[in-house]
Amino acid sequence: MEELGEQVALHGGRDEGQAARRTVRERAAKVISDATVLDDIELMSAEAIANAVLHGSGVTRVSVSTDGHRVRVEVRDDGPGRADLFGRGRIDHGRGLAVIDALSTEWGLEQTPRQTHLWFEVDVQAGPAAI
């Protein structure tokens, strides 16, 4: 797959997540012209980035790539998921992966003791957008 711009690194700044998801949308728009599909990509990116920031550790890295048939978004952080420190279940959390599962063509989650890697792909349904 061809990278659509450089990898974005998030260091925990307050507005970094919003900027990253907008960057993902802008890069995906280089090959997708359908606004609804771009909305879905932005929503899935927001969920993936939020999961990394809330449950991961270290720097969160986001990349966007394409093979001309699909757009792939990857979100990585330095560490396995963190457990809820207070042992409480939260009713307002936990829907991010369900959203990604419902909207993506394909997705995956790989965790090791040193890294969490969440990725999703979306079919390029329309021809290339005007750049």
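Remarks
- The residues on offer are L4, L38, and the sole one that is surrounded by 18 or more Cβ atoms within 10 Å (Cβ to Cβ) and free of Cβ contacts under 8 Å to residues at least 24 places away in the same chain is L38.
- Condition check for A19: out of contact with any helix residue (DSSP H, G or I) (no Cβ under 8 Å at 6 or more places or on another chain) and in a helix (DSSP H, G or I): yes
- Put simply, of L38, L43, L54 the only residue that is more than 25 Å from E110 (Cβ to Cβ), in a helix (DSSP H, G or I) and aliphatic (A, V, I, L, M) is L38.
- Restricting the range 107-131 to residues that are at pLDDT 65 or above, over 16 Å from D39 (Cα atoms) and aliphatic (A, V, I, L, M), the residue that is farthest from the chain's Cα centre (by Cα): L109
- If you filter the range 79-101 down to residues that are of a type outside the set (A, V, I, L, M), over 20 Å from V64 (Cβ atoms) and within 16 Å of the chain's Cα centre (by Cα), you find that the one that is modelled with the highest pLDDT is R95.
- The condition of being crowded, with 19+ Cβ neighbours inside 10 Å, closer than 17 Å to G5 by Cα, modelled with pLDDT of 95 or more and of a type in the set (S, T, N, Q) holds for only one of S104, S63, that being S63.
- Here V31 passes the criteria (1) modelled with pLDDT under 95; (2) surrounded by 14 or more Cβ atoms within 10 Å (Cβ to Cβ); (3) in a loop (DSSP other than H, G, I, E, B) except the one numbered (1).
The values are calculated or read from the model by the stated rules, or taken from the named source; none is laboratory data. Keep in mind that this is a model prediction, so the values were computed, not measured. When we count neighbours, we look across all protein chains shown, and the Cβ atoms used for this are built from the backbone with ideal geometry, even at glycine.
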